[in-house]
1. Enter the accessible area per residue of the chain (Å², integer; probe 1.4 Å; all protein chains in place).
2. Leaving out same-chain residues fewer than 8 places away, which lysines sit with a Cα under 21 Å from that of residue 35?
3. Given only helices, namely DSSP H runs of n ≥ 4 each adding -39500 (n - 2.57), what is the per-residue ellipticity at 222 nm of the chain, to the nearest 500 deg cm²/dmol?
4. Carbon and sulfur atoms: what percent of the 1.4 Å accessible area of segment 1-98 do they account for?
5. What does the charge dipole of segment 34-85 about its Cα centre add up to, to the nearest 20 debye, if the Cβ of each Lys and Arg holds +1 and the Cβ of each Asp and Glu holds -1?
6. Put a dot 7 Å past each Cα toward the Cβ at residue 77 and residue 142; how far apart are the dots in nm?
7. Give me, ordered by chain and number, the residues 5 or more places off residue 68 or on other chains with an amide H under 5 Å from its own placed amide H.
8. Just check segment 1-83 against the gyration tensor rule for me: Cα atoms, a ≥ b ≥ c as the square roots of the eigenvalues, rounded for a/c under 1.5, and otherwise prolate or oblate depending on whether a/b exceeds b/c.
Amino acid sequence: MKLAEALRERKQLQIKMGTLRQKLIDNAIYQEGSKPVEDPAELIKALEATRGELAALIKRINATNASVKVGDFLLGELVVDRDTRILEVASLNKLISQVSNRYSRSEILILPSIDVKETQKKVDKLAKDIRELDNLIQATNWNTELL
């Protein structure tokens, strides 16, 4: 199985865990004289089995990411770099959005404490880096066998 396929399967298992959690909540209580639509004991068994399957898959994905070299870096390092850049871009975009509104309700001019133009340039550079990193990661995922 390719790493990319394992990542897709991980996402499906995470969705299944969420669905089972909601079913458990929905069937946790019932009106006297009726029965739950689904047996909570069976749902718990399914949840435990899915958790085990997900845990095993994540361990294999992590082991693969920790062993595959992409240039001078491990694949896992590239993933962390991409994901933290995404967080940084989101924070800077929020900052730019906050300082772009220059007027208050009382028509008092509010000035930004940052250079919006320079911050936007930084965001654009980070976004480009993220796209390049993501392309490299995706290509590697489709060319790497899962451990």
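The values are calculated or read from the model by the stated rules, or taken from the named source; none is laboratory data. From a predicted model like this one, the values you see are computed outputs, not experimental measurements. Reconstructed Cβ throughout: ideal geometry from the backbone, glycine too, with neighbour counts over all protein chains shown. Note: areas computed on protein heavy atoms with side chains; ligands, DNA, RNA excluded. Shrake-Rupley method; radii C 1.70, N 1.55, O 1.52, S 1.80 Å.
1. Numbers: 10400 Å² over 147 residues.
Ligands and nucleic acids excluded, the result is 71 Å² per residue.
2. Partners within reach: 23, 45.
3. Counting only the DSSP helices, I get -25500 deg cm²/dmol.
4. 56 percent
5. So the magnitude is around 100 debye.
6. For residue 142 paired with residue 77, the spin-label model returns 2.5 nm.
7. Amide H neighbours of residue 68, under 5 Å, 5+ apart: 75, 76.
8. Values: a/c = 4.60, a/b = 3.47, b/c = 1.33.
Prolate.
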